[in-house]
Each structure stands twice: as C-alpha cells, then as structure tokens.
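Right, one structure below, let's go through it.
The values are calculated or read from the model by the stated rules, or taken from the named source; none is laboratory data. Keep in mind it's a predicted model, so treat the numbers as computed, not measured. We place every Cβ from the backbone using ideal geometry, glycine too, and count neighbours over all the protein chains shown. Ligands, DNA and RNA are stripped out before the accessible areas are found, and what is left, the full protein with its side chains, is counted by its heavy atoms. Shrake-Rupley method; radii C 1.70, N 1.55, O 1.52, S 1.80 Å.
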Amino acid sequence: MSGLLLRLAGPLQFWGERSAFAPVRDSARFPTRSALIGMFAAAEGIGREDLDTARYQDLHLTVRVDRPGVLLADYHTVGGGYLKEHTAATSAGSNKGAAVITRRHYLSDAVFVVAVTAPDETVERLAAALNRPHWAPYLGRRSCAPDEPFLLRHHVEDPDEELHMRVPLSQPTTHDTSGDEKDDTIAVEFLREQQPPPGSSLSAPTPVDVIDVNDVPVSFSQHGRRYTTRRLHRSLEPVARSLAGPQNALMQRLFAYTHHEEGA
C-alpha cells in the first residue's frame, strides 16, 4: 500500500451531501468521498453512466483540514423574465412559468490536503490520470477550479507521515497564537476513515467525535443516484510546527515540495 497527495484549495468549494434538488443546496464542511471518486473517474475519462463504483472501493482517504473555510450562501435564480415556454421544465412535462430560486452554499478560502491510500497499481493509475486528466478536476462544482499545486505527490510510501511531517501547512488567516510557541507541534484537524494504528509513532490523536456521512456512492446514474454511509473519525493531531511558516512563502514552499518529487 502506498498513496498520493492532493491539495484542494480555491476561492470556492462545494461538497454536496444530498442528491435532491432542494431549494437550499448545502455543502459539507469537508471533501466527500463521492466527490473525490467522481473527480478520479472524470480524470480517467469514465462517464457517470459507465462508472462501476467497485473500481474505487479499495481507496482509503485521510483529510487534513488546513483551513476549514467560511460558509457562504449564493442567492441563485434560473429562468426569470422569460415567457412560460422558455422557463425551467417540470416533472409533468410543462414549464414552471417563473424563476427557480435556490440558495447554494459554498466554502470560501478552505484548504484541505487529502491522502489517498491504495494498492500501488491503483495509486499509479490515479496519479497518471490526475496528471493528465481527461476531464478537468473541480472542487464540487465546475465553476470551482482548484488552485495549483493540485497534485502534490504522485507516490509516497507513508502518506500519514507526509501529512504530519512534510507537507507545508496552510494556516488559518486568523488563528490562535496564545499557545506555547516553543512547542514543536501544532494541533490540526484530521478526518479519517480508519483510526491510526495503536502505538503509532506519528501522534497521539485527541478524539473529537465520530460522524456518519452518507457519501459512499453506489450509483452515479443521472436518474438513479444512490449512496450509502461511512464512518469518519475526527480528531486533533499534532503536526510539525515547521510546516506552518512563513506564510508569505507558502506557495514557494508548496511548489518546492511538489517539484522535489519530480526532480528525484
């Protein structure tokens, strides 16, 4: 087992937990498994109707929350100011005759680093696709383009160690500085599908809570989307303080980290 590392950052992100087209379309506060699998399938050129979700069942995801972001709501209208026949269609085959109004939630200024752990051949296949994607990746909606660097590392032997000791950390724009600056670690939120093994030398995580999320895709079919539930372990874990700064050189450090693999 090995892994690859993605950095999900951009002005806006949207991670939908529900497939229903409701008036309020809320976003999860972290990247969902269904969105990430959809991203991988798109990079490999697999359409939603052709996607066998079993292709990605051996992936294990770990999310480091560098910046949780701020929740924004967008007042969104479709089809206003038109004759009835030019407005949005209804399920009965007619037209609504008025604008469709929704409120769409986004995460602003969020940054996540995702470790994708899988068998070596799966990691190699995904890395190749993400490096030269068939369809461009986006952060939940096509309008939410990711910042660079996106694919931080094509292959790492120990993704957990990279997250704790090597991947530069994007600090919150406002963060607590009241702690002991002499401490060589910073507490950072992690979301895990599996708990760290007992006795791990990486950290002694402080459990925050356990959450169940309905984001494991069973079908991506346009008219038959179905999901099942997974359990996530959310914890605060110590990360090397040296990864946090200086923030005015963050992009330089991120690209140096990325290019180190390319030059190896």
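Worth pointing out:
- Residue check, Leu243 part of a helix (DSSP H, G or I), closer than 28 Å to Ser27 by Cβ and either hydrophobic (A, V, I, L, M, F, W, C) or at pLDDT 70 or above (or both): yes
- Test: residue in segment 93-111 that is closer than 23 Å to Arg166 by Cβ and either open to solvent by 20 Å² or more (accessible area, probe 1.4 Å) or modelled with pLDDT of 95 or more (or both): yes
- Matching residues, segment 160-184, being modelled with pLDDT under 90 and either touching a His at 6+ places or on another chain (Cβ under 9 Å) or of a type in the set (Val, Ile, Thr) (or both): Thr173, Thr174, Thr177
- Residues that are among the small types (Gly, Ala, Ser) and open to solvent by 20 Å² or more (accessible area, probe 1.4 Å), drawn from segment 1-19: Gly16, Ser19
- Test: residue in segment 77-91 that is part of a strand (DSSP E or B), of a type outside the set (Gly, Ala, Ser) and either modelled with pLDDT of 95 or more or loosely packed, with under 15 Cβ neighbours inside 10 Å (or both): yes
- Remark: pairs (first residue in segment 36-61, under 18 Å from Gly224 (Cα atoms) and open to solvent by 50 Å² or more (accessible area, probe 1.4 Å); second residue modelled with pLDDT under 95 and among the charged types (D, E, K, R); Cβ separation under 9 Å; 6+ apart in sequence or on different chains) = Arg48/Arg225.
- Meets criteria (surrounded by fewer than 20 Cβ atoms within 10 Å (Cβ to Cβ), small (Gly, Ala, Ser), modelled with pLDDT under 95 and part of a helix (DSSP H, G or I)) for Ala22: no
Residues checked against (1) surrounded by fewer than 20 Cβ atoms within 10 Å (Cβ to Cβ); (2) in a loop (DSSP other than H, G, I, E, B); (3) touching a Phe, Trp or Tyr at 6+ places or on another chain (Cβ under 8 Å):
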site: Ala128; (1), (2), (3): yes, no, no
site: Pro133; (1), (2), (3): yes, yes, no
site: Gly140; (1), (2), (3): no, yes, yes
site: Ser143; (1), (2), (3): yes, yes, no
site: Asp147; (1), (2), (3): yes, yes, no
site: Leu152; (1), (2), (3): no, no, yes
site: Asp160; (1), (2), (3): no, no, no
site: His164; (1), (2), (3): no, no, no
